[in-house]
Amino acid sequence: MRPSINTYPTYFNTYIKLVLEDDLMSAFTNQELSATRFFRQISEADSTYKYAEKKWTIKEILQHISDAERIFTYRALAFARKEKMALPTFDENIYATNSDANSKSWEALIEEFISVRKSSENLFKFFSPEQLKRSGQVSDYTISVLALGYTIIGHAAHHINIITERYLDI
């Protein structure tokens, strides 16, 4: 079941529309396999490439994917458990600047992605249909648990597309 358009802000459709599967758990599993294969095609040397001065390296992009996934899963957990407080947004550029991603090995970043993804899969696997329908507030918008699941997958797909189009000749 896909999230209804009225359960998330319209700008999240940038990510959600990239998810082809109608079953969230299939989407998680399929992307974990394909994304891992994709990242393993990139060499350690290529992982430090950035196509312009103020752009992130590929390492920083992968770290960003993992960081954002952790934040999105925290939000999903909080809303599934009926958190009433609005949660804060995050500034991805501050996180990237302070991630130290470029000092980590490419393989370590891939392993971190796999670990984060398995944790996300396990979290979403045990949400009931009722919990997936629950919503919560992030700063000035409302989003459902199910939409957050689709956002996680679409966000990773979005960045893989950027790496493919702007960083690599794959």
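The values are calculated or read from the model by the stated rules, or taken from the named source; none is laboratory data. Worth saying up front: this structure is predicted, and the values here are computed from it rather than measured. Please note: Cβ atoms are built from the backbone with ideal geometry, for glycine as well, and neighbour counts cover all protein chains shown. These accessible areas exclude ligands, DNA and RNA; they are computed on the full protein's heavy atoms, side chains included. Shrake-Rupley method; radii C 1.70, N 1.55, O 1.52, S 1.80 Å.
Descriptive notes on the structure:
- Region 119-170 - accessible surface per residue (Å², probe 1.4 Å): 44 Å²
- Taking only protein heavy atoms and a 1.4 Å probe, the accessible area of the chain is 52% carbon and sulfur.
- Rg over Rh for region 85-170 works out to 1.02, both radii taken from alpha-carbon positions and Rh defined as the Kirkwood radius.
- Net charge, Ile163 excluded, C-beta distance under 12 Å - Lys, Arg +1, Asp, Glu -1: 0
- Under the Karplus curve 6.51 cos²θ - 1.76 cosθ + 1.60, θ = phi - 60°, whole-Hz ³J(HN,Hα) for region 139-151, x wherever Gly or Pro sits: 6, 10, 9, 10, 8, 8, 4, 4, 4, 5, x, 5, 5
- Residue-by-residue Karplus 3J(HN,Hα) for region 114-120, coefficients 6.51, -1.76, 1.60, Hz, glycine and proline x: 4, 5, 4, 5, 4, 5, 4
- Rh by Kirkwood over Cα pairs, then Stokes-Einstein D for the chain at 1.002 mPa s and 20 °C, µm²/s: 131 µm²/s
- For region 1-71: relative contact order, % (alpha-carbon pairs under 8 angstrom, 6 or more apart): 17 percent
- For the pair Tyr141 and Ser26, a Förster radius of 25 Å applied to the C-beta separation gives a FRET efficiency near 0.40, rounded to the nearest 0.05.
- With a Cα cut-off of under 29 Å and a minimum spacing of 8 residues unless on different chains, the lysine pairs in region 31-141 number 18.
- Degrees, to the nearest 10: 58-80 long Cα axis against longest axis of the chain: 10 degrees
- Relative contact order, percent, the chain [alpha-carbon distance under 8 Å, six or more residues apart]: 40 percent
- A simple spin-label model places pseudo-atoms 7 Å from Cα toward Cβ; at Arg37 and Ser119 they are separated by 2.7 nm.
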